[in-house]
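First comes the structure, then the notes that go with it.
We did not get these values from a lab; they are worked out from the coordinates using the rules stated. None of the values given here were measured: they were computed from a predicted structure. Because the Cβ atoms are built from the backbone with ideal geometry, glycine has one as well, and the counts that use them run over all protein chains shown.
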Amino acid sequence: MDRLKVYVDSSVVLRRLLNQPGAIMSWSDWQLVVSSELMRVEAFRTLDRWHLEGKLTDGEFADCVSELKTCVAAIEQVPIAPAVLKRVAGPLPAPVGTLDAIHLVSALLWMESSSDELVFVTHDRQQAMAARACGMEVRSQ
């Protein structure tokens, strides 16, 4: 079986980091993991917010930040470049918010530039629907 090339949005990374129910813990079947630079920003902001709200102890926060840095280093990041923003501002085949649109367009532009397919992995139902509407294979839990 071929190993998958996947695009992960922030929901996948955060659910794994925070050991939440339904998290995809093993990424060993994935040959390549791609995401937007936005994923890094969203994940660090979420960890900081949870820490400030008391949802993470100082130790848990430090462990999560360390694990996130390792995770981010292993993910090929699509820059939030003018081409991404231009396409995000245009019509999409399904209703999505701005941040989800950045993830979706980043995946589409990566596929166009590499002439390779990605499986879109998300825990967000609306994001999954939008990725399917764009013709992508989607995996979610």
query: Mind checking the log10 I(q)/I(0) for the chain at q = 0.11, 0.12 Å⁻¹? Debye, one equal scatterer per Cα, no solvent, two decimals.
result: -0.40, -0.47
query: Just how large is the dipole of the chain about the Cα centre, in debye to the nearest 20, putting +1 at every Lys and Arg Cβ and -1 at every Asp and Glu Cβ?
result: 260
Computed label-point distance, nm, for sites Arg125 and Ser28 using a 7 Å Cα→Cβ extension: 3.3
message: Run the helix sum for the chain: -39,500 (n - 2.57) per DSSP H stretch of 4+ residues, divided by residue count, reported at 222 nm to the nearest 500 deg cm²/dmol.
response: -16000 deg cm²/dmol
field: Distance (nanometres) between label positions extended 7 Å along Cα→Cβ at Gln20 and Ser114
entry: 2.5
- request: Would you grab the residues whose amide H sits under 5 Å from the one on Val119? Only those 5+ places off in sequence or on another chain, please, with H modelled 1.01 Å from N.
  value: Lys5, Val6, Tyr7
message: If the reach is capped at under 20 angstrom between alpha carbons, list the aspartates and glutamates near Lys55, excluding any in the same chain fewer than eight residues apart.
response: Glu42, Asp63, Glu67
- request: Report relative contact order for the chain in percent, whole number only (criteria: Cα-Cα under 8 Å, sequence separation at least 6).
  value: 29
